[in-house]
Each structure stands twice: as structure tokens, then as C-alpha cells.
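Heads up: the structure comes next, in C-alpha cells.
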């Protein structure tokens, strides 16, 4: 026991060291919601329980290994069972587990309580981007990775938010209860933002629920966490949380823009307008599978160049984009793209990369087909 | 404690059976081989020791192939950015690494050990169904050649993860997926036939006087594992057949657009997948339960409770599958049920760890290489168990799920868990197989480089996962860079240190210090009563089993 102060200092020091290293970038984030802090609390509780059990169990083990070395002349005892000890080491873990299950159950119940939300956001996973729709507000957009290819290929220096930056973040108000409804247009994705402690699978044919009430304004970043194909690593989630007033004016502005877009359906668009809008849509939506130069990735994703069937059959081309292809990866875009966007992107595909058909598709035609 | 039971069959019957099993050469003198020579000998062999050797060599080869795939993954992840491979190929590497390691390295490794050691440990002349045994093995090279060949097919090999979630693995999969299904069917048939053989052997061919509760724990754990295999491999066969129909015959089991259910895929897969996890660890428990008493020179503490704990784990393994699916959107009651059952598994698993430590307590311990691996197993498997307990807490699992924290967890139970146990078994039984002790110096180098490598690889993954890095991504944000660099360096160290393992095996086969029949002074089981190296035919007359009071 002469070493007692030393031992205490060593144990205390290592606990302190563990605590301080666990704070920053090494541990689960504390997050910005009441639930994320509860979850963090559960995580730390079970972690320290494991540490204590580990110290005791491995302590006895290493003591035995040191104390009963044959090289030091240890003679083996003969005992090989002890009912009392065996009952104790079955019962004690059971009690610890019950103690752990109680708070976990309470937290889980809260996580499942998605009712009485102030705002509903539909989150749709698509290979390989997220589509957000503010239900009942006529505001919807897709959110694409913006990290330039050169940074990924190592031809340019990587930015601060490498792979965690998007063109249009999901904008949410702080202080209000936001309910997410998650689904997918193609394969299973999973929408995760660590700071919000929300991770929920987006599954085709299912609508899952989750919810959040953010406390602090800020930008929170996450990623898709369910393997969803080639660009699984390249579909980040970015949430921008702002004060309710700022959110309301942002939403009003987006509503107006959506209304302007809708009014464009009726007028005649020029070829140049369709082509430039079409290129923009193509590169943000279609290029992830069919490539920027339309070469596709056969055999799963067909090429759009040198594809006579596609070019010859204008009607089928339009039907494919609107309805998708049954049993194949091509999804239906009738709900996630506007008539203007569909018309523009089809026009672009029929005139880009040497597909010089010269024909254009007007938004009004698409609108008519959708109805 | 239990009343003494009469042997199940009179000894004369045993002698006749042994005669039958040795085939046409009824007069077989132990140690001499009568069949064809050369390659044909290995193709046609029905001898449990030769088939065991084939399984082990196959497993080791697959361990290296799967390991090379892992090193491709780790090399790409050494730094942020895409340097070596493109995402398409990266996904094929992660998928193939998982499939090859699970179905090609770990499972056949344990089957090889079962083939070699179960007849020797129960005093049987061979496996109960020797021709079936030959067929079970030779299915494997065919299955895995086919699986590996998919990498060269148009569109590449499987790229949807070893869990092959639909519809990524059906509607969105490369054309080679049909071959992947066929190869998995073959591997599954091989496992089922192997399991039938092991059950038949253990239940029918035990030495007269050996009761169930006298069997070594390796035999017990394998018996339970074999029942798990028979229960769940058909479930795997079912799910891949449904995939086959979805891909080729227009059904919609997992296609939502056709009224199918992608979540059902996950339920069926994990109903197979969770018992599968225990299939890969229960025999490891048996091995460690043989090695620790040997080198502590003290009887295993709590033999009966070990048997009961193993059985409870096996039964519970059918009731926890949805803990892999906490983020899928299960109803609250389902989440609670699977959280509680999963936490419950910690109790029998804890009992096992406590028993091993109680065996060490007041023993007379020495540290030969098999013991080093077994002790590392106890510590590092327990660390994997701790992270498993953390993952069982459903609310926290929403944060852990599908991140590197999970990757760290299952690699801790599979690499320093299952794989270290197989290595411990190889060091432990090599004297029996070859007649020579493994080179102790080489063994220690192999052990220490492996332990350092494995921890350097997998420990930082806990941190990268908690900090928010999803699994199965080919490129990552900058804050994960240091952890990944450490992991990649560790992987290279662990991978190259396995060359020492091969070197040790080759040296041990070719020569080394001669081992007596009882190669380790603390060893007690029946395999140590036959000469080292074990002759080709052993226990042609059943031994008299002296049972110990438990």
C-alpha cells in the first residue's frame, strides 16, 4: 500500500486523459437536441460500465497470469466449480443490464413520439442525392454534393468541408418540432446527421418517421449510411438550422420562386433556354449514372449517346423519364422533377453529345402528359 | 453428479463399425495409405485427417485472398481522396472481402479443425459419413472459384456488401449476381452436409463410456454449431433463391414497385445472419476452453455451465436478429424486444469469460504460443463484447449503426476472436498433426506482430465511427484522416505478419523438435493418447474412456 498515492494518481490521470480525448472529434458528438444529449448520456453510461467491468475482469486475469506463473513455481489448485460464485456472476450482470435497460427504454419511447409536429419534411433518397419536400408548402428541391471532382482526384487542394458540402442544404427552424418522412426512389439509403442524433433508413415502398427539435442555429453535416451503390460515399446531408423568423422568410421566398417556376409551364420556351436549363438538370440529376458525357456505365446504366432506339422514339424517351423503367434502376421522375425540368432535360439529351435531333420538348407537353 | 450411464452401444459393434469405415482395405494397418497416389489421392480421399488438412489449406488460401482484398480497401483509405481504385471496384473489394472471409476462411477453418479433431477427441475411427465428407469439401473450391471469377465478368462482381441488401443486390445489381447466388448455394450445401456429418459423428461414434457431459468442449460447441448450421443455412438458401427469382424470373419478393418488401429481405437475411455470427464464434469458445486448462494445468472451471451457456447463446441467437435493423423503422415494441434479448446475450457470454479467468486463477501457467493466442482471444474478444453491449442499447445504436464503430466491433469478435482462436488451435494441434512442435520463436513473433497489427487496425475504428464515419465508403471527410491512416498501417502490419504464420507451418511440417504423443504436459483429452504425428487411421478399436467426475 506504499504505492497507493501513485496508483490513485495513475488511475485518475488515465481517467482524465480518457475523458479529455473523448471530448473532441474522438467521440459521439453531444449534439444540439435534447434527445441527442440523452443518447450521448446513455452512450457514456454504458461505456463507463464497460470500462469498470473491463478493469475488474482484466485486472483479475492479469493478476492471475502474473501471480500463478509456472516459471515462479506455482502449483495448480484442484477446484473446478463453485456454485455460489457462478450464481453471483450470472446475477450481477443481469442486474446491471436491467439498470441499463430502464433509461434506454425511456429514451427510445421519446424517439418514437413523432406526433404533433410543426413542420413535415419528406426526405427521399435517390442514387445519389437527397430530395427534400416541405409538405403542404409547395417547396421541394434536390441536394447534391458540390465537392469538385478535382479535389476527389487529388488534383486540387481539399476544402474544409470536403465531401460534406451540398448545393442546397435542408433549411430547418430551431425550436420547432420537425417531422421527417423518409422514403427512397431506388435502393435503401439512410439519412444521418450525428449532431441531430437522427439516423433513419429511407426504403423504397416504405415511409419511415423520425423527428427533431433543434436548439441551436448552425450548419450540421452528415452522410448516407446505408450502402446504396457506387456513389454511396458521395451523398452528404447538410442541415442549416436558423431562427424561426429567418426560416419563415426563407420559406416564403422559396414559395414565390416555386410559383414563378410553375407559371413557366404554359409559355413557349426557346431551344437555348431549354438547353441551358436541361444541361443544369442533367448534370445535377442524371450525370451520376449516365455520366456527364452521356456515356453511361453499361451494363447497368445504358449510354445515351449512340443509342438509336432512344433517339428514334421521342415518345418512349419522354415516357422513360416520366415513368422510369420497371425492374430496372431508372426511377420515375414525375414527382421529383417539375414539368419544366423534365422538358428541358429531355430536350438536352436529344441534342447534346452529337444527338443532333433538333427537336425540342415543351413544358406544356409534359404537363399535359402528367395530367 | 449425473448417474453413470451404460455405453450406448456394446463395444463389439464399435469394432465392426470401425472396420466398415476403413473401406475395402479391411485389414488397414494404421499409418499406411492404400488408395490412389498423387493428386487423385487428395481428390478421392475419405479420410477425416486428409479432408481436415484440405479444409485448413483451403481456409488459409482464402484468408490470404480475402486479406489482399482488405488491403486494397485499406490502401485506398490510407488518405482522403480517390487514389488507387474507383468506387465501383472498391465496393467489389469490400463485398468480396466479407464473403470470402466469412464463407471461405473462417467457416471452413473451423470445419477443418472439426474434421481433424472431433474423431480424435471422441475416440472415433473417422467421421460417420466419409464419402459425404469428401463431397462437402470439394464443393468449396468449385464454389469459390466461381465466386472469384465474377470479378472478371462484365459489370464486375458482387458490389452490394456481404449482406447484399435488396434491391441493391437485385434490381440494381451487376449481371454476375446470378453466379454469386449459385456459388453461395454450393457453399451452403457444403456447410449443411458438413454439419449433418458432424452431428452423426458426435451422436453415434463416441468411445464406449463417453457420455455427452464427458465430451471435450470443442466437441460440444461444434455439436451446437452444427445444429445452428442446419437451422439457418436453408434460410440463406431461401433468401438467395428469392433474389434469383426476382432477378431472372420477374417475381417481386423484394421489389416495392411490384408489391414486394425490401425490409423482408433484411429480416430473412438476419434470421440467417445472426446465428451465422455464433456459428463463427462457438467453436472458438471450444478451442479456448481446451487450451487455457492445458497451459494453466488445471481443470476447466465450470464445465457444465460452459455447456449451458453455449446452449443459451445458441437459442438466444434466434431471437436477436433485428438488432441489425434498429434504424429500419421497426415498431417500438419490436425495438424494445430485440434490445432486451440482445442485452441478455451478455449474461451467458460473461459466464464463459469468467469461467476462463477462474480457470487461470491459482493455476500453474506457462505461455507457449497457443496459450498466448488464447489469452489474447479472451481479452480482445471481450472488448468486442463490450462494444456489442453498447450496440445493443437501441437509442445509442441509432448513432453507431452502419458506422466504423460497427466495423470495429465485429472485427474485434471475428479477427482477434474467431481467427485468433483458429490460429491458437493450429499452434496447439500442429504437434499432433505433424509430429513436430511449432517453432516457438517464430510463433512469438507472429503473435506479437499480429496483436499489435490487429489493435492498430481496429481500435482507431471505434473513434472514426463515433466521430461520424459511415462504413463502406471509398473516400471520407478530412476529420477522419488520422484514424484511417493508423488503421491502414495496422492492416499492412497484420497482413504481412501472417506470412510468419505460413513460414511457421511450413517449417513445422518439414521438421522441428519431435513431439511425443502427449505434446503438452497439461493436456488431457483423447487426441493426446494417439502417437504424434497421428497415423492415418486411429482408434480402429475404440479406446476405453475413463470419465472424470464433473
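Name the residues in the stretch B:335-349 that are in contact (Cβ under 8 Å) with a residue 40 or more places away in the chain, surrounded by 20 or more Cβ atoms within 10 Å (Cβ to Cβ) and facing another protein chain (nearest Cβ under 7 Å), would you?
Listed by number, the residues that qualify are B:335, B:339, B:343, B:346.
Could you please find all residues in the stretch A:317-332 being assigned to a helix (DSSP H, G or I) and under 26 Å from residue A:135 (Cα atoms)? Let's see the steps before the verdict.
Filtering the stretch A:317-332 down to residues assigned to a helix (DSSP H, G or I) leaves A:317-323.
Matches in the stretch A:317-332: A:321, A:322, A:323.
Please work out which one of (1) away from every other protein chain (no Cβ under 14 Å); (2) surrounded by fewer than 19 Cβ atoms within 10 Å (Cβ to Cβ); (3) touching a helix residue (DSSP H, G or I) at 6+ places or on another chain (Cβ under 9 Å); (4) on the phi < 0 side of the Ramachandran plot is the condition residue A:175 fails and give its number.
For residue A:175, the failing item is (4).
From the list B:229, B:244, which one is in contact (Cβ under 8 Å) with a residue 40 or more places away in the chain, crowded, with 21+ Cβ neighbours inside 10 Å and under 27 Å from residue B:183 (Cα atoms)?
Details: B:244 fails: crowded, with 21+ Cβ neighbours inside 10 Å.
From the options B:229, B:244, the qualifying one is B:229.
Quick one: count up the residues across the stretch B:517-529 that are within 19 Å of residue A:70 (Cβ to Cβ) and either free of Cβ contacts under 8 Å to residues at least 40 places away in the same chain or in a loop (DSSP other than H, G, I, E, B) (or both).
As a first pass, look at the stretch B:517-529 and keep what is within 19 Å of residue A:70 (Cβ to Cβ): B:518-524, B:528.
Those left that are additionally either free of Cβ contacts under 8 Å to residues at least 40 places away in the same chain or in a loop (DSSP other than H, G, I, E, B) (or both): B:518-524.
Selection size over the stretch B:517-529: 7.
For the stretch A:333-360, enumerate the residues that are in a loop (DSSP other than H, G, I, E, B) and within 19 Å of residue A:294 (Cα to Cα). Reasoning before the result, please.
If we filter the stretch A:333-360 for residues that are in a loop (DSSP other than H, G, I, E, B), which is where we start, we get A:333-338, A:352-360.
The answer is A:333, A:352, A:353, A:354, A:355, A:356, A:357, A:358, A:359, A:360.
With the requirement that a residue be at pLDDT 85 or above and assigned to a helix (DSSP H, G or I), what does the stretch A:288-313 give you?
A:290
Return the only residue of B:290, B:296 being surrounded by 24 or more Cβ atoms within 10 Å (Cβ to Cβ), over 18 Å from residue B:350 (Cβ atoms) and within 9 Å of chain A (Cβ to nearest Cβ). Steps first, please.
Numbers: B:290 fails: within 9 Å of chain A (Cβ to nearest Cβ).
Answer to the selection: B:296.
Answer yes or no: is there a residue in the stretch A:265-275 that is outside any helix (DSSP H, G or I) and out of contact with any helix residue (DSSP H, G or I) (no Cβ under 9 Å at 6 or more places or on another chain). Explain how you work it out, then say what you get.
First pass over the stretch A:265-275, keeping only residues outside any helix (DSSP H, G or I): A:265-270.
Add one more test, that the residue is out of contact with any helix residue (DSSP H, G or I) (no Cβ under 9 Å at 6 or more places or on another chain), and what stays is A:270.
Yes.
Restricting the search to the stretch B:462-478, which residues are outside any loop (DSSP other than H, G, I, E, B), within 7 Å of chain A (Cβ to nearest Cβ) and out of contact with any strand residue (DSSP E or B) (no Cβ under 7 Å at 6 or more places or on another chain)?
Scanning the stretch B:462-478 gives B:463, B:466, B:478.
Filter the stretch A:142-169 down to the residues that are farther than 30 Å from residue B:173 by Cβ and in contact with a strand residue (DSSP E or B) (Cβ under 9 Å, 6 or more places away or on another chain), then identify the one that is surrounded by the most Cβ atoms within 10 Å (Cβ to Cβ).
Only one residue fits best here, namely A:169.
Please indicate, with yes or no, whether at least one residue in the stretch B:364-386 is facing chain A (nearest Cβ under 8 Å), farther than 30 Å from residue A:72 by Cβ and modelled with pLDDT of 95 or more.
Taking every residue of the stretch B:364-386 in turn, at least one turns out to be facing chain A (nearest Cβ under 8 Å), farther than 30 Å from residue A:72 by Cβ and modelled with pLDDT of 95 or more.
Within the stretch B:479-516, how many residues turn out to be within 30 Å of residue B:531 (Cα to Cα) and in a helix (DSSP H, G or I)? Break it down stepwise before answering.
Initial filter on the stretch B:479-516 (within 30 Å of residue B:531 (Cα to Cα)): B:498-516.
Narrowing the set further to residues that are in a helix (DSSP H, G or I) leaves B:498-510.
Total satisfying the criteria: 13.
Could you check, for the stretch A:106-126, whether at least one of its residues is surrounded by fewer than 16 Cβ atoms within 10 Å (Cβ to Cβ), in a helix (DSSP H, G or I) and more than 8 Å from every other protein chain (Cβ to nearest Cβ)?
Within the stretch A:106-126 (the criterion being surrounded by fewer than 16 Cβ atoms within 10 Å (Cβ to Cβ), in a helix (DSSP H, G or I) and more than 8 Å from every other protein chain (Cβ to nearest Cβ)), the answer is yes, since at least one residue qualifies.
Suppose we keep only residues that are more than 19 Å from residue B:113 (Cα to Cα) and in contact (Cβ under 8 Å) with a residue 60 or more places away in the chain within the stretch B:414-442. Which one would you say is surrounded by the fewest Cβ atoms within 10 Å (Cβ to Cβ)? Walk me through how you get there before you give the answer.
Keep residues of the stretch B:414-442 that are more than 19 Å from residue B:113 (Cα to Cα), which gives B:439-442.
Cutting the leftovers down to in contact (Cβ under 8 Å) with a residue 60 or more places away in the chain gives us B:439-440, B:442.
Details: B:439: 20, B:440: 15, B:442: 18.
Among residues in the stretch B:414-442 that are more than 19 Å from residue B:113 (Cα to Cα) and in contact (Cβ under 8 Å) with a residue 60 or more places away in the chain, the one surrounded by the fewest Cβ atoms within 10 Å (Cβ to Cβ) is B:440.
Looking at the stretch B:310-321, which of its residues are crowded, with 22+ Cβ neighbours inside 10 Å and assigned to a helix (DSSP H, G or I)?
B:310, B:313, B:321
Kindly establish whether residue B:295 is at pLDDT 95 or above, within 23 Å of residue B:524 (Cβ to Cβ) and within 15 Å of the chain's Cα centre (by Cα).
Details: at pLDDT 95 or above: yes; within 23 Å of residue B:524 (Cβ to Cβ): yes; within 15 Å of the chain's Cα centre (by Cα): no.
So residue B:295 does not fit the description; no.
Condition first: more than 8 Å from chain B (Cβ to nearest Cβ) and surrounded by 12 or more Cβ atoms within 10 Å (Cβ to Cβ). Now tell me which residues in the stretch A:56-81 satisfy that. Full working, then the answer.
Of the stretch A:56-81, the ones more than 8 Å from chain B (Cβ to nearest Cβ) are A:56, A:59, A:62-63, A:66-67, A:72-73.
Answer for the stretch A:56-81, where residues must be more than 8 Å from chain B (Cβ to nearest Cβ) and surrounded by 12 or more Cβ atoms within 10 Å (Cβ to Cβ): A:62, A:63, A:67.
When you go through (1) within 20 Å of residue A:123 (Cβ to Cβ); (2) modelled with pLDDT of 85 or more one by one for residue A:284, which number turns out not to apply?
Checking residue A:284 against (1) within 20 Å of residue A:123 (Cβ to Cβ); (2) modelled with pLDDT of 85 or more, the one that fails is (2).
Please go through the stretch A:196-230 and pick out each residue that is out of contact with any helix residue (DSSP H, G or I) (no Cβ under 6 Å at 6 or more places or on another chain), surrounded by 18 or more Cβ atoms within 10 Å (Cβ to Cβ) and farther than 22 Å from residue B:471 by Cβ.
Matches in the stretch A:196-230: A:211, A:213, A:214.
Examine the stretch B:159-175 for a residue that is away from chain A (no Cβ under 14 Å) and either surrounded by fewer than 23 Cβ atoms within 10 Å (Cβ to Cβ) or modelled with pLDDT of 95 or more (or both), and state whether such a residue exists.
Here is the first cut: in the stretch B:159-175, the residues away from chain A (no Cβ under 14 Å) are none.
No, because not a single residue in the stretch B:159-175 is away from chain A (no Cβ under 14 Å) and either surrounded by fewer than 23 Cβ atoms within 10 Å (Cβ to Cβ) or modelled with pLDDT of 95 or more (or both).
The values are calculated or read from the model by the stated rules, or taken from the named source; none is laboratory data. The structure displayed is predicted, hence computed values, not measured ones. With ideal geometry, Cβ positions are generated from the backbone for all residues, glycine too; neighbour counts draw on all protein chains shown.
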